[in-house]
Structure formats: structure tokens, C-alpha cells
Amino acid sequence: QVQLVESGGGLVQAGGSLRLSCVASRSTFTFNTFDWFRQAPGEQREFVSGISSAGTTVYADSVKGRFTISRDNTKNTVYLQMNSLKPEDTAVYYCRTRPPVVWGQGTQVTVSS
């Protein structure tokens, strides 16, 4: 089964940027859709962005224009470039792939005001 490892989280001031990475352990990467979700304390996990095997992208309204998802099939890696970060972006960010559905362990993003 494919495994996902996220990295790139951290503490940043409002207005700053971070780039998250999600590395997949298997070469079936090319055929999969990848999504980023996030979960703030006391909140439900919510969809942030997704990218299909064909490169079609979709974004939640809350991040549209600030976040960019991309993939590098040669590196089995999906990225989430996050710009103009806001305190409300603070959450644990999770990478998910499908099919079948597999989740990463998450990476913490904290945005200070």
C-alpha cells in the first residue's frame, strides 16, 4: 500500500508563505488524485485543494488565489504553496491520495498574527 509523508509545516507570521510537500512511496503516483485537507483544533477536517492525474486543480473558496497545488510525477511529490497566510489557516494539514484512499500523518501549520 502506498504511504504518504508530508513535510514543510511550521510557524510563520501572517502574510508569510510556506510550501508543503507530500511524497508518495510508490510509482502509481502518476495515476492518482491527490488532495490536501486541514483540521484546526475543535473543527472538522476540511478540503483545501486537489489535483487530478491529468493536472486539473480545484480549491476551496477560502484559499483560492492564495494557495497553489502542483505535482512532480518524476519525484512522486505533490506540493501546496501557501502565500498570504492568515491566522485562520492555522491547522494540521493532511495529504490524501485515491484510489484507494490513503492519508498521510499530517504537518502542523501555525500562522501568528
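The values are calculated or read from the model by the stated rules, or taken from the named source; none is laboratory data. Since we're looking at a predicted model, the values are computed, not measured. When we count neighbours, we look across all protein chains shown, and the Cβ atoms used for this are built from the backbone with ideal geometry, even at glycine. Calculation scope for accessible area: heavy atoms of the full protein, side chains included, ligands and nucleic acids excluded. Shrake-Rupley method; radii C 1.70, N 1.55, O 1.52, S 1.80 Å.
Computed extension gain for Q44 through S7, at 0.36 nm per residue and net of the alpha carbon distance, reaches 11.2 nm. Accessible surface computed residue by residue for the chain, with neighbouring protein chains in place and a 1.4 Å probe, gives 52 Å² per residue.
Let me make sure I get this right: for segment 1-43, a, b and c are the square roots of the gyration tensor eigenvalues over alpha carbons, sorted descending. Under 1.5 in a/c it's rounded, otherwise prolate if a/b > b/c, else oblate. Which is it? Cα axes put segment 1-43 in the prolate bin. The alpha carbon centroids of segment 74-113 and segment 2-42 are separated by 3 Å.
Taking the Cα centre of segment 50-90 as reference, the dipole from Cβ charges on Lys and Arg (+1) and Asp and Glu (-1) amounts to some 100 debye. Shape of the chain from the C-alpha gyration tensor: prolate (a/c of 1.5 or more and a/b above b/c, with a ≥ b ≥ c the square roots of its eigenvalues). A 1.4 Å probe, protein heavy atoms only, puts the accessible area of L4 near 10 Å².
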